[in-house]
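Report on one structure; see the data block that follows.
The values are calculated or read from the model by the stated rules, or taken from the named source; none is laboratory data. Treat the numbers as computed from the prediction; the structure is a model and nothing was measured. All Cβ positions, even for glycine, are placed from backbone atoms using ideal geometry, and neighbour counts span all protein chains on display. The protein model used for the area step is the full one, side chains on, heavy atoms only, and it has no ligands, DNA or RNA in it. Shrake-Rupley method; radii C 1.70, N 1.55, O 1.52, S 1.80 Å.
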Amino acid sequence: MVWILLAATQQNVWNWLWFAIPVIGMPLTSIMARREKRTDGAVTYSDKITSHLWSIFGVSEIVLTLICLGFSLFGGIKCWTAMIVYTIIAAPFAEIAQGLIVKEKSLTWGGIVGLAIGMVLVCCVTGKIPLLANWFMPLFILFWVVMMIVPGHIINHKAKKG
């Protein structure tokens, strides 16, 4: 949605819609977790480690968001690109670590491909190549599809097979 609105209007104000992710996602995640409560009651060590791993990532994203917001509101400094750079480097590391912990190759390889895409985007940022919505957003979407959606489908398929 953000990509379509940015590309159609060329107005950066649509980037505020990124805040809808935690506003909508956190309550929905909580509701879904309660509905899908484990019946066996077993939580493995790797479950705890990966949960903590992604919690660290999520908290660091919140902290960085608040820092960028502070710079923007109190100093007039636009440093939102830091969010992109941090996300496209930190998320693949967390994904790779999770893949190694649970021994799931699709997570590891998804993270490696995501990291490669992230490094290209970091080079674009440091090279002062404008991250225009018409090419950057599709690449950012591909980044998340390769890292999260494809491995998620592979893992679900394996789980159903038994």
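Only lysine pairs 8 or more places apart or on separate chains count here, and in the chain those with Cα atoms under 24 Å apart total 16. Taken as entire DSSP H runs, the helices of the chain that both span 27 Å or more between Cα atoms along their own long axis and average -0.5 or more on the Kyte-Doolittle scale are 45-75, 81-102, 105-126. Note on segment 1-75: dipole from Cβ charges, positive end direction compared against T65, V13, T29; the farthest Cα belongs to T29.
With each label modelled as a point 7 angstrom along the Cα→C-beta vector, the I31-V150 pair spans 3.2 nm. Label point of M83 set 7 angstrom out along Cα-Cβ; within segment 1-21, amide nitrogens under 13 Å from it belong to 2-3, 12-21.
Using the Cβ-Cβ distance between W18 and A42 with R0 = 25 Å, the FRET efficiency computed as 1/(1 + (r/R0)^6) comes to roughly 0.10. Test of understanding: in a Gaussian network model of the chain with alpha carbons linked when under 10 Å, which of T44, T65, T87 would top the mean-square fluctuation ranking? Largest GNM mean-square fluctuation: T44. About the centre of its Cα atoms, the chain shows a dipole size close to 340 debye [charges on the beta carbon of Lys, Arg (+1) and Asp, Glu (-1) only; nearest 20 debye].
Within the accessible surface of the chain, defined with a 1.4 Å probe on protein heavy atoms only, the carbon and sulfur portion equals 72 percent.
Between V13, V63, V150, the GNM of the chain built on Cα springs shorter than 10 angstrom shows V13 fluctuating the most. For the pair I4 and C123, label points projected 7 Å from Cα toward Cβ lie 3.3 nm apart. Per residue, the solvent-accessible area of segment 59-149 (1.4 Å probe, heavy atoms of protein chains only, all protein chains present) comes to 54 Å².
Here segment 13-162 is treated as a sphere whose radius is the Kirkwood value from Cα pairs; by Stokes-Einstein at 25 °C and 0.890 mPa s it diffuses with a coefficient of 143 µm²/s.
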